[in-house]
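Here the structure comes first, spelled out in structure tokens, and everything after it is commentary.
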Amino acid sequence: MSETAPFTIEQFYKFMNEGKVMAAKCKKCGTILLPPRPMCIKCHSNELEWTELAKRGKLLTYTIIHVAPPQFQHLIPYAVGIVKLENGLKLPGMIRGIEFEKIKIGMELQIEIEKAQQAQTWPSWPKYYFKPA
Amino acid sequence: MIGKPLASIVSAGLSKFGKIEGLYARELFALAAKEAFERCPNIDPKKDVQALFIGHMGESYEHQGHTGATVADWAGLLHIPATRTECACASSGAALRAGIMAIMSGLYDIVMVGGVEKMTHRSTPEVTEFLAMASDFPFEQWHGITFPGLYALMATAHMHKYGTTEEQLAMVAVKNHHNGCLNPKAHMQREVTLEKALSSRVIAWPLKLYDCSLITDGASCLILTKPEIAKKYTDMPVHIIGSGQASDSIGIYEREQFTSLTAAKEAAKQAYKMAGLTPNDIQVAEVHDCFTIAEIIAYEDLGFCKPGEGGKLIEEGVTTLDGSLPVNTSGGLKAKGHPVGATGTAQAYEIYLQLTGQAEKRQVENVEIGLTHNVGGSGATATVHIYRRG
Ligand SMILES: [Zn+2]
């Protein structure tokens with residue numbers, strides 16, 4: 001499955017539903033693509049393979065959101081940040097399970113995955129979030 | 001050597017910026033076009049204007065797309081080619097550049113470029129959602145990262161790396177509100193104190209209400225000609241001598257760093273090279289202060305100071321109206337307002353006024369060279385233009 005699955009964002013979230021953080025790796029130049037893409041953005045090759053990423057990383061920057069669009073209104077205030085995973089790739093997401101005052105740049109976080117609910121509308125992707133490692 | 005003119009501004013128009021109730025985008029644009037036509041009676045709109053390029057970000061606000069044809073009709077320019085450019089908040093910076101390229105191609109002698117957005121009739125959560133569409137959907141929007149949130153991520157990183165303070169951010173708001181008071185077309189013509197800005201409610205920490213630009217209705221336009229014929233229409237043309245545009249990853253999380261905008265630095269490099277000028281030559285500038293941190297980062301990306309010294313530059317008063325490099329004399333996006341699609345050419349409108357001595361109470365003395373810096377979304381697009389008095 002993993003070798004032939006399309007290198008798409010949809011597939012990234014399908015793997016998330018299986019509890020895995022997966023990226024595309026270019027067989028030609030070795031670049032790891034996160035989000036996965038159908039073509040390598042460094043050498044334009046489409047000879048790719050899936051590679052699983054570690055779920056741990058370091059917080060690069062963060063904010064506490066107080067004004068949100070309608071679908072996130074019920075969560076405010078909430079923290080979001082950008083995390084650099086162990087292999088150097090980055091993902092943004094919510095930071096949960098920690099008091100806002102204790103969030104610090106450089107702290108160790110890990111990805112938790114919430115399985116997707118059966119969505120009535122597009123898209124039916126799972127949510128992942130970060131929590132203290 | 002100073003670069004040769006690419007195209008020339010012979011006239012410009014701006015609607016009142018603010019909460020303009022009851023007017024559709026197309027009607028706002030007609031007001032801006034009317035001012036441009038009146039300012040330059042030698043232009044016969046029906047006969048002379050050969051094409052229109054219009055920046056407009058979102059059809060969601062009015063449930064109305066196909067902006068090119070719509071506003072051309074309302075501006076009394078029916079049947080000319082009319083094309084919308086969309087680069088989020090840099091939509092009319094891109095329209096300006098499209099107009100310059102259309103003139104330089106030799107296809108047209110005279111074109112109108114402009115921008116429009118009608119936003120205030122929608123609720124703040126709705127506008128927050130529409131603006132977020134200029135950011136990455138599957139990773140940023142999907143996880144609740146708002147547009148202010150993206151700039152807050154940059155602010156936190158800038159504060160952490162360089163020691164930039166919330167006070168320095170607030171100083172940008174104080175300056176731009178002061179300038180806005182001198183601009184009768186500004187949305188917010190009210191001074192704000194440092195204390196008030198710092199104690200305003202949090203939108204996306206560390207950004208507070210007064211760190212954010214306004215949700216505004218407005219339209220702007222310019223009439224561009226081939227440089228050789230500009231003097232036929234006006235004694236006071238403004239030549240565009242540098243134009244740069246660049247892009248970056250739509251998701252900010254993919255970038256190498258969050259303390260500068262690579263697209264803005266690249267666009268600036270192109271524009272300075274074309275103009276044969278350096279940052280030291282710029283005498284007045286309009287920069288994209290969608291958030292106060294964005295103005296600090298703009299100083300650095302445009303080379304007005306070294307990376308990390310933007311906070312110091314505002315603190316030292318360099319960019320105030322009586323400083324050595326006044327920035328956002330119009331009040332900026334912060335006080336003049338930010339009808340997103342209209343912003344790029346509204347910035348050019350202000351520089352046109354400054355270089356032709358028409359900026360009234362906020363006129364900077366003896367300015368000949370100006371710059372505009374227009375950023376789309378969270379920096380995935382940037383345009384930079386450099387202007388010289390003709
Ligand atoms: Zn490759």
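Leaving out ligands and nucleic acids, and using a 1.4 Å probe, what accessible area per residue does the range B:1-146 come to in Å²?
39 Å²
Calculate the spin-label point distance for B:Asn366 paired with A:Glu86, positioning each point 7 Å from the Cα along the beta-carbon direction, and give it in nanometres.
Roughly 6.4 nm, to one decimal.
If you roll a 1.4 angstrom probe over the protein chains with everything in place, what fraction of the accessible area of the protein assembly as shown belongs to carbon and sulfur, to the nearest %? All intermediate terms of the calculation are to be shown ahead of the outcome.
Working: 10540 of 20080 Å².
Carbon-and-sulfur percentage of accessible area, whole number: 53.
Give me the tail of P(r) for the protein assembly as shown as a percent: Cα-Cα pairs with distance above 46 Å.
Values: 17477 of 136503 pairs.
In whole percent, the share of Cα-Cα pairs in the protein assembly as shown beyond 46 Å is 13.
Which entries in the list A:Lys84/A:Lys115; A:Lys127/B:Lys269; B:Lys16/B:Lys47; B:Lys265/B:Lys334; A:Lys102/B:Lys265; A:Lys131/B:Lys175 go over 32 Å, if you measure between the two C-alpha atoms of each?
The answer is A:Lys127/B:Lys269; A:Lys102/B:Lys265; A:Lys131/B:Lys175.
Calculate, for A:Glu49 and B:Lys306, the FRET efficiency according to 1/(1 + (r/R0)^6) with r their C-beta to C-beta distance and R0 45 Å; round to the nearest 0.05. Could you put the intermediate results ahead of the total?
On the way: r = 43 Å, r/R0 = 0.96.
Once the sixth-power term is evaluated, E becomes 0.55.
Using a probe radius of 1.4 Å on protein heavy atoms only, what is the accessible area buried between chains B and A, both sides summed, to the nearest 100 Å²?
Approximately 2900 Å² gets buried when B meets A.
Treating the angle as unsigned and between 0 and 90°, give the value, to the nearest 10°, between the Cα long axis of helix B:91-104 and the longest Cα principal axis of chain B.
40 degrees
Please tell me the relative contact order of the range B:276-368 in percent, rounded to the nearest whole number, where contacts are Cα pairs under 8 Å and at least six residues apart.
31 percent
When the chain is fully extended, how far beyond the present Cα-Cα distance does B:Glu316 get from B:Glu191, taking 0.36 nm per residue of separation?
43.1 nm
Which percent of Cα-Cα pairs in the range A:9-52 sits in each 5 Å bin, short to long?
Distribution as computed: 6, 28, 32, 18, 12, 4 percent.
With a Förster radius of 22 Å, plug the Cβ-Cβ distance of A:Ile32 and A:Ala5 into 1/(1 + (r/R0)^6) and report the FRET value to the nearest 0.05.
My answer for the efficiency is 0.85.
For chain B, build the charge dipole from Cβ charges (+1 Lys, Arg; -1 Asp, Glu) around the Cα centre, then report which of B:His121, B:Phe258, B:Asn179 sits farthest towards its positive end.
Going by the Cα projections, it comes out as B:Asn179.
Which parts of the range B:117-150, residue by residue, lose 20 Å² or more of accessible area when the rest of the protein chains are there, as against the chain isolated (1.4 Å probe)?
Flagged in the range B:117-150: B:Pro125, B:Thr128, B:Glu129, B:Phe137, B:Pro138, B:Phe139, B:Trp142, B:His143, B:Gly144, B:Ile145, B:Thr146.
Using just the alpha carbons, could you tell me how many Å³ per residue the convex hull of the range A:56-132 encloses?
102 Å³
Measure off 7 Å from each Cα along the Cα-to-Cβ vector at B:Leu78 and B:Ser247, then give the distance between these two points in nanometres to one decimal.
It works out to 3.6 nm between the two label points.
Given a Förster distance of 35 angstrom, what is the FRET efficiency for B:Lys19 paired with A:Ala116, based on the Cβ-Cβ distance and rounded to 0.05?
Plugging the Cβ-Cβ distance into 1/(1 + (r/R0)^6) gives 0.30.
Could you rank B:Thr372, B:Thr262 by how accessible they are, 1.4 Å probe, largest area first?
Values: B:Thr372 5, B:Thr262 70 Å².
Of B:Thr372, B:Thr262, the descending order of accessible area is B:Thr262, B:Thr372.
Hey, got a sec? Which trypsin sites (Lys or Arg not before Pro) in the range B:195-245 land in a DSSP loop and have at most 10 other Cβ atoms within 10 Å?
Hits after loop and neighbour filter: B:Arg201.
The values are calculated or read from the model by the stated rules, or taken from the named source; none is laboratory data. Just so you know, these numbers come straight off a predicted model, no measurement behind them. Quick reminder, even Gly has a Cβ in these numbers, built from the backbone with ideal geometry, and neighbours come from all protein chains shown. Heavy atoms of the whole protein, side chains included, go into the accessibility calculation; ligands, DNA and RNA do not. Shrake-Rupley method; radii C 1.70, N 1.55, O 1.52, S 1.80 Å.
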